[in-house]
Amino acid sequence: MLRTPRALLLDFGGVLADAPSPPPDPPQLVQRLFRLVDGAVSAERIARDLTTGAHAYGRWRDEESAGEHPVELGHRQVWARFVTGGWPAPARAAVDREATPLAYAWTWHPEWDVRPGIPAALAAATRAGLPLAVVSNTTCGAAPRDFLAAAGLGALFTAQLYSDEAGVRKPNPELARLAARALGVPVADCWFVGDSRHRDVACARRAGAGAAVLMRSPRTDREEPLPELAPDAVVEDGHGLLALLRDAGVTDPAA
(Lines give C-alpha, C1' and ligand atoms only; values in the text may rest on other atoms or scores of the structure.)
Protein backbone atom coordinates (compact mmCIF):
# COMPACT_ATOMS: atom_id res chain seq x y z
CA MET A 1 0.00 0.00 0.00
CA LEU A 2 1.28 3.47 -0.88
CA ARG A 3 1.68 6.16 1.74
CA THR A 4 -1.25 8.58 1.84
CA PRO A 5 -0.45 11.60 -0.36
CA ARG A 6 -0.92 15.22 0.64
CA ALA A 7 -1.05 16.43 -2.99
CA LEU A 8 -1.16 15.13 -6.56
CA LEU A 9 1.07 16.14 -9.47
CA LEU A 10 -0.48 15.01 -12.77
CA ASP A 11 0.67 14.91 -16.38
CA PHE A 12 -1.70 16.27 -19.03
CA GLY A 13 -1.47 14.06 -22.11
CA GLY A 14 -2.13 10.42 -21.28
CA VAL A 15 -3.37 11.17 -17.75
CA LEU A 16 -5.84 14.04 -17.70
CA ALA A 17 -6.63 13.77 -21.39
CA ASP A 18 -6.35 11.31 -24.21
CA ALA A 19 -3.98 13.30 -26.39
CA PRO A 20 -3.33 11.67 -29.77
CA SER A 21 -0.45 13.24 -31.63
CA PRO A 22 -1.77 15.99 -33.90
CA PRO A 23 -0.78 15.96 -37.58
CA PRO A 24 2.48 17.89 -37.97
CA ASP A 25 1.02 20.00 -40.80
CA PRO A 26 -2.66 20.72 -39.99
CA PRO A 27 -4.24 22.40 -43.04
CA GLN A 28 -5.60 25.35 -41.04
CA LEU A 29 -2.12 26.11 -39.69
CA VAL A 30 -0.58 25.81 -43.15
CA GLN A 31 -3.06 28.33 -44.50
CA ARG A 32 -2.58 30.63 -41.53
CA LEU A 33 1.17 30.67 -42.10
CA PHE A 34 0.71 31.14 -45.84
CA ARG A 35 -1.41 34.24 -45.22
CA LEU A 36 0.94 35.51 -42.52
CA VAL A 37 3.97 35.45 -44.84
CA ASP A 38 1.88 36.95 -47.66
CA GLY A 39 2.59 34.02 -49.96
CA ALA A 40 6.37 34.41 -49.75
CA VAL A 41 6.59 30.70 -48.94
CA SER A 42 4.37 28.23 -50.79
CA ALA A 43 1.75 26.24 -48.93
CA GLU A 44 3.45 23.05 -50.09
CA ARG A 45 6.76 24.11 -48.60
CA ILE A 46 5.11 25.26 -45.38
CA ALA A 47 3.46 21.85 -44.98
CA ARG A 48 6.74 20.08 -45.74
CA ASP A 49 8.73 22.25 -43.33
CA LEU A 50 6.16 21.79 -40.58
CA THR A 51 6.41 18.01 -40.96
CA THR A 52 10.21 18.01 -41.10
CA GLY A 53 10.36 20.48 -38.22
CA ALA A 54 8.02 18.45 -36.02
CA HIS A 55 10.19 15.36 -36.47
CA ALA A 56 13.39 17.32 -35.80
CA TYR A 57 11.86 18.93 -32.72
CA GLY A 58 10.80 15.49 -31.48
CA ARG A 59 14.34 14.15 -31.88
CA TRP A 60 15.69 17.19 -30.04
CA ARG A 61 13.25 16.61 -27.17
CA ASP A 62 14.29 12.97 -26.89
CA GLU A 63 17.97 13.86 -26.89
CA GLU A 64 17.47 16.70 -24.40
CA SER A 65 15.39 14.55 -22.08
CA ALA A 66 18.18 11.98 -21.91
CA GLY A 67 20.36 14.53 -20.10
CA GLU A 68 20.50 15.30 -16.41
CA HIS A 69 18.75 18.67 -16.48
CA PRO A 70 16.72 18.98 -19.70
CA VAL A 71 15.49 22.42 -20.68
CA GLU A 72 12.65 23.57 -22.95
CA LEU A 73 12.85 25.97 -25.86
CA GLY A 74 10.75 29.10 -26.14
CA HIS A 75 8.18 29.51 -28.91
CA ARG A 76 10.36 31.79 -31.02
CA GLN A 77 13.28 29.37 -30.76
CA VAL A 78 11.14 26.42 -31.85
CA TRP A 79 9.93 28.16 -35.01
CA ALA A 80 13.33 29.58 -35.95
CA ARG A 81 15.30 26.43 -35.21
CA PHE A 82 13.02 23.77 -36.65
CA VAL A 83 10.66 25.33 -39.22
CA THR A 84 11.53 28.71 -40.73
CA GLY A 85 15.34 28.57 -40.97
CA GLY A 86 15.43 28.59 -44.78
CA TRP A 87 12.59 31.05 -45.34
CA PRO A 88 13.06 34.63 -46.61
CA ALA A 89 13.93 37.10 -43.87
CA PRO A 90 10.56 38.95 -43.94
CA ALA A 91 8.71 35.64 -43.61
CA ARG A 92 10.90 34.56 -40.70
CA ALA A 93 10.29 37.89 -38.99
CA ALA A 94 6.53 37.61 -39.46
CA VAL A 95 6.47 34.17 -37.82
CA ASP A 96 8.75 35.38 -35.04
CA ARG A 97 6.27 38.14 -34.17
CA GLU A 98 3.41 35.64 -33.95
CA ALA A 99 5.42 32.80 -32.42
CA THR A 100 3.20 32.23 -29.37
CA PRO A 101 -0.26 32.15 -31.03
CA LEU A 102 1.22 29.97 -33.77
CA ALA A 103 2.66 27.61 -31.15
CA TYR A 104 -0.80 27.44 -29.59
CA ALA A 105 -2.33 26.50 -32.94
CA TRP A 106 0.36 23.86 -33.50
CA THR A 107 -0.29 22.36 -30.04
CA TRP A 108 -4.09 22.38 -29.90
CA HIS A 109 -5.80 19.19 -30.98
CA PRO A 110 -9.61 19.04 -31.44
CA GLU A 111 -9.53 15.30 -30.64
CA TRP A 112 -8.36 15.79 -27.06
CA ASP A 113 -10.79 14.18 -24.63
CA VAL A 114 -10.84 13.83 -20.84
CA ARG A 115 -9.72 10.35 -19.83
CA PRO A 116 -12.29 8.03 -18.25
CA GLY A 117 -12.72 8.48 -14.51
CA ILE A 118 -10.56 11.59 -14.29
CA PRO A 119 -13.35 14.03 -13.27
CA ALA A 120 -14.42 11.73 -10.44
CA ALA A 121 -10.85 11.16 -9.24
CA LEU A 122 -9.99 14.87 -9.27
CA ALA A 123 -13.23 15.84 -7.53
CA ALA A 124 -12.73 13.21 -4.82
CA ALA A 125 -9.13 14.30 -4.23
CA THR A 126 -10.22 17.93 -3.99
CA ARG A 127 -12.99 17.17 -1.52
CA ALA A 128 -10.48 15.20 0.55
CA GLY A 129 -8.29 18.30 0.76
CA LEU A 130 -5.55 17.28 -1.69
CA PRO A 131 -4.28 20.19 -3.80
CA LEU A 132 -3.63 19.38 -7.46
CA ALA A 133 -1.06 20.53 -10.01
CA VAL A 134 -0.51 19.82 -13.69
CA VAL A 135 3.11 19.00 -14.58
CA SER A 136 3.43 18.65 -18.35
CA ASN A 137 5.86 18.88 -21.25
CA THR A 138 4.26 20.77 -24.11
CA THR A 139 5.01 23.21 -26.92
CA CYS A 140 2.41 25.69 -25.64
CA GLY A 141 0.90 25.32 -22.17
CA ALA A 142 -1.92 27.75 -22.93
CA ALA A 143 -3.58 25.07 -25.11
CA PRO A 144 -3.96 22.34 -22.44
CA ARG A 145 -4.83 25.04 -19.88
CA ASP A 146 -7.71 26.20 -22.08
CA PHE A 147 -8.79 22.61 -22.69
CA LEU A 148 -8.99 21.90 -18.96
CA ALA A 149 -10.94 25.11 -18.39
CA ALA A 150 -13.42 24.23 -21.17
CA ALA A 151 -13.78 20.72 -19.72
CA GLY A 152 -14.74 22.20 -16.34
CA LEU A 153 -11.58 20.90 -14.65
CA GLY A 154 -9.26 23.90 -14.68
CA ALA A 155 -10.55 25.39 -11.42
CA LEU A 156 -9.63 22.19 -9.56
CA PHE A 157 -5.92 22.86 -10.03
CA THR A 158 -4.01 25.12 -7.68
CA ALA A 159 -1.13 25.27 -10.17
CA GLN A 160 -0.40 24.29 -13.76
CA LEU A 161 3.26 23.93 -14.70
CA TYR A 162 4.09 23.60 -18.40
CA SER A 163 7.57 23.15 -19.82
CA ASP A 164 7.42 26.02 -22.30
CA GLU A 165 6.52 28.44 -19.51
CA ALA A 166 8.94 27.05 -16.91
CA GLY A 167 11.90 26.65 -19.29
CA VAL A 168 12.59 23.09 -18.11
CA ARG A 169 11.10 19.80 -19.22
CA LYS A 170 10.57 16.43 -17.58
CA PRO A 171 12.45 14.44 -16.42
CA ASN A 172 14.13 17.56 -15.03
CA PRO A 173 13.08 17.34 -11.36
CA GLU A 174 12.78 21.12 -11.11
CA LEU A 175 9.40 21.01 -12.85
CA ALA A 176 7.98 18.74 -10.13
CA ARG A 177 9.64 20.76 -7.38
CA LEU A 178 8.19 23.99 -8.76
CA ALA A 179 4.74 22.42 -8.73
CA ALA A 180 5.12 21.13 -5.17
CA ARG A 181 6.27 24.55 -3.98
CA ALA A 182 3.27 26.15 -5.68
CA LEU A 183 1.03 23.76 -3.73
CA GLY A 184 2.86 24.39 -0.46
CA VAL A 185 3.46 20.66 0.01
CA PRO A 186 6.88 18.92 0.22
CA VAL A 187 7.47 16.94 -2.96
CA ALA A 188 8.11 13.88 -0.77
CA ASP A 189 4.44 14.03 0.22
CA CYS A 190 3.19 14.19 -3.39
CA TRP A 191 2.16 11.45 -5.76
CA PHE A 192 3.39 12.02 -9.30
CA VAL A 193 0.99 10.54 -11.88
CA GLY A 194 2.16 10.18 -15.48
CA ASP A 195 2.03 7.85 -18.47
CA SER A 196 5.75 7.76 -19.32
CA ARG A 197 8.46 5.84 -17.50
CA HIS A 198 11.17 7.84 -19.27
CA ARG A 199 9.63 11.24 -18.48
CA ASP A 200 7.26 10.94 -15.53
CA VAL A 201 8.60 8.09 -13.43
CA ALA A 202 12.14 9.40 -13.97
CA CYS A 203 11.04 12.91 -12.95
CA ALA A 204 9.31 11.59 -9.85
CA ARG A 205 12.38 9.64 -8.80
CA ARG A 206 14.79 12.54 -9.39
CA ALA A 207 12.55 14.98 -7.52
CA GLY A 208 12.05 12.65 -4.58
CA ALA A 209 8.28 12.37 -4.96
CA GLY A 210 6.46 10.22 -2.44
CA ALA A 211 5.23 7.85 -5.16
CA ALA A 212 5.41 7.43 -8.92
CA VAL A 213 2.07 6.26 -10.33
CA LEU A 214 2.04 5.10 -13.95
CA MET A 215 -1.26 5.55 -15.79
CA ARG A 216 -1.17 3.45 -18.92
CA SER A 217 -1.70 5.09 -22.32
CA PRO A 218 -0.72 4.19 -25.89
CA ARG A 219 2.62 5.94 -25.29
CA THR A 220 3.33 3.73 -22.28
CA ASP A 221 3.38 0.63 -24.46
CA ARG A 222 5.61 2.27 -27.07
CA GLU A 223 8.35 2.95 -24.55
CA GLU A 224 11.17 0.57 -23.81
CA PRO A 225 10.61 -0.87 -20.32
CA LEU A 226 13.38 0.11 -17.93
CA PRO A 227 13.65 -1.92 -14.69
CA GLU A 228 15.34 0.97 -12.89
CA LEU A 229 12.28 3.13 -13.62
CA ALA A 230 9.62 0.81 -12.24
CA PRO A 231 6.61 2.76 -10.89
CA ASP A 232 5.23 2.26 -7.41
CA ALA A 233 1.79 1.53 -8.84
CA VAL A 234 0.13 1.13 -12.25
CA VAL A 235 -3.44 2.17 -13.05
CA GLU A 236 -5.42 2.06 -16.27
CA ASP A 237 -7.34 5.35 -16.00
CA GLY A 238 -8.95 7.79 -13.59
CA HIS A 239 -11.12 5.04 -12.11
CA GLY A 240 -7.97 3.15 -11.19
CA LEU A 241 -6.42 6.28 -9.71
CA LEU A 242 -9.48 6.86 -7.54
CA ALA A 243 -9.35 3.27 -6.28
CA LEU A 244 -5.64 3.67 -5.52
CA LEU A 245 -6.32 6.85 -3.54
CA ARG A 246 -9.00 5.10 -1.50
CA ASP A 247 -6.69 2.16 -0.82
CA ALA A 248 -4.07 4.64 0.43
CA GLY A 249 -6.51 6.14 2.92
CA VAL A 250 -7.72 9.21 1.03
CA THR A 251 -11.28 9.69 2.23
CA ASP A 252 -13.85 11.59 0.18
CA PRO A 253 -16.36 13.23 2.54
CA ALA A 254 -19.02 13.01 -0.16
CA ALA A 255 -18.61 9.28 -0.67
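Of note:
- Taking amide H positions as modeled 1.01 Å from N, with prolines and chain starts lacking one, the residues under 5 Å from Gly14 and 5 or more places away or on another chain are Ala19.
- A cut-off of 5 Å between modelled amide H atoms, ignoring neighbours fewer than 5 places along the same chain, links Val71 with Arg169.
- The label point for Arg45 and the one for Ala120, both projected 7 Å from the Cα toward the Cβ, are 5.4 nm apart.
- Taken over the Cα atoms of region 53-152, the convex hull encloses 137 Å³ per residue.
- Packing rank of 143-154, 54-65, where each peptide gets the mean count of other beta carbons within 10 Å, highest leading: 143-154, 54-65
- Reported value for region 123-180: 74 Å³ per residue, from the convex hull of its C-alpha atoms.
- Sequence-ordered 3J(HN,Hα) estimates for region 201-212 from the Karplus curve with 6.51, -1.76 and 1.60 and θ = phi - 60° stand at 5, 4, 5, 4, 5, 5, 7, x, 4, x, 7, 10 Hz, glycine and proline given as x.
- Spatial extent of the chain: Rg and Dmax, with the Cα atoms as the point set, Å: 19.0, 61
- Accessible area per residue in Å² at 1.4 Å probe, computed on the chain: 44
- Column: log10 I(q)/I(0), Debye, Cα scatterers of region 27-107, q = 0.15, 0.17, 0.21 Å⁻¹: -0.51, -0.64, -0.93
- Whole-percent carbon and sulfur share, accessible surface of region 27-107, 1.4 Å: 51
- Cβ-Cβ distance of Ala56 and Glu228, R₀ of 35 Å, FRET efficiency by 1/(1 + (r/R0)^6): the value works out to about 0.75.
- Inter-centroid distance (Cα atoms) of region 134-186 relative to region 76-121, Å: 17
- Close amide-amide hydrogen proximity is noted between Val134 and Leu10, Ala159, Gln160, Leu161, each under 5 Å apart and 5 or more residues distant or on a separate chain (H modeled in the peptide plane; Pro and chain starts excluded).
- Average projected area [Cα convex hull, region 168-211], square nanometres: 2.5
- Gain on full stretching of the segment that runs from Ala151 to Asp38 - 0.36 nm per residue minus C-alpha separation: 37.1 nm
- Kyte-Doolittle mean at least 0.0, axial Cα span of 30 Å or more - DSSP H helices of the chain: none
The values are calculated or read from the model by the stated rules, or taken from the named source; none is laboratory data. This is a predicted model, so every value here is computed, not measured. Every residue, glycine among them, receives a Cβ derived from its backbone with ideal geometry; neighbour counts consider all protein chains shown. Just the protein is used for accessible areas: all its heavy atoms, side chains included, with ligands, DNA and RNA removed. Shrake-Rupley method; radii C 1.70, N 1.55, O 1.52, S 1.80 Å.
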